[in-house]
């Protein structure tokens, strides 16, 4: 086995948020103010994921006018269709939708909607599993998914249901090839308490929205609530991780076993 160095591929990491809302659906702030909030907070990109529903007139927010050489936006939405195991609407993050994405058909299901969005080139993420009380049976139906939302800051603030690892772990153990993304799902109902709590660092050659979406679909990113990963390399005999100061570094697999280094202000670890 040759050495794998995923953090040495071309490009750089860009920080972004893929799930947030504006007055185009049930958010408090107008689109321009939401975009400005993320730009001012030091993000490189963001996506307005307003609810793609008839009562909001099927919005795919056109945020192209807010782009610049140092900040960009991805076009997309949070898309919905019936029905999960508990009878709720599906909540799916779709990044990279066309502005003329067709409204949902009367008989269109969540899995069908996900496939249609993916067919338009979108990155598909299963949103807030714990908040939606999703089962692994639910997860299996979304065969077009690229990722599971493993942290949703808005849900964590609202009712402590921000976790999605349980669903991703089960699906990975079954052989699904899925990545893990973290978001805010900010609505700004309580100021910015539901914002700036979870994000992705995407590795891409440029801040081009299409390049970011392709990188997301390829899994060329990691999620964070603060720590940065500077280097990660894997060989036949060991794994090495270098990062900003943390209190623990753990490598986990499909069981309860893990390799862990614990301490104060750890910046690297090597596991053999």
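Figures for the structure shown
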| item | result |
| --- | --- |
| Protection-proxy order for peptides 219-228, 27-36, each taking the mean of Cβ atoms within 10 Å per residue, highest first | 27-36, 219-228 |
| The range 201-272 and the range 1-79: distance between their alpha carbon centers, rounded to Å | 22 Å |
| Sorted peptide list for 182-192, 58-68, criterion being average Cβ within 10 angstrom, highest first | 182-192, 58-68 |
| Estimated inter-spin distance, residue 64 and residue 242, nm [label 7 Å along Cα→Cβ] | 4.1 nm |
| Convex hull (Cα only) mean projected area of the range 1-84, reported in nm² to one decimal | 8.7 nm² |
| Inter-centroid distance (Cα atoms) of the range 82-105 relative to the range 134-178, Å | 16 Å |
| Share antiparallel - DSSP beta bridges, the chain, percent rounded to 5 | 70 percent |
| Förster radius 35 Å - calculated FRET efficiency between residue 41 and residue 258, Cβ distance, rounded to 0.05 | 0.60 |
| Theoretical FRET efficiency, 1/(1+(r/R0)^6), r = Cβ-Cβ of residue 33 and residue 251, R0 51 Å, to 0.05 | 0.80 |
| Fully extended contour minus Cα-Cα distance, from residue 174 to residue 54, at 0.36 nm per residue | 39.6 nm |
| Segment residue 135-residue 208, length gained on full extension (0.36 nm per residue, minus Cα span) | 22.7 nm |
| Projected label distance in nm at residue 230 and residue 89, using a 7 Å step from Cα toward the beta-carbon | 4.5 nm |
| Segments 133-139, 249-255, 163-169 sorted - mean Cβ within 10 Å per residue, highest first | 163-169, 133-139, 249-255 |
| Crossing angle, helix 110-119 versus the chain [Cα axis fit, 0-90 degrees, rounded to tens] | 80 degrees |
| Kirkwood-type radius of the range 8-224, with distances r between different C-alpha atoms, in Å | 16.9 Å |
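FYI, it's all coordinate maths here, none of it is from the lab. Keep in mind that this is a model prediction, so the values were computed, not measured. Don't worry about glycine lacking a Cβ; one is built from the backbone with ideal geometry, like all the others, and counts go over all protein chains shown.
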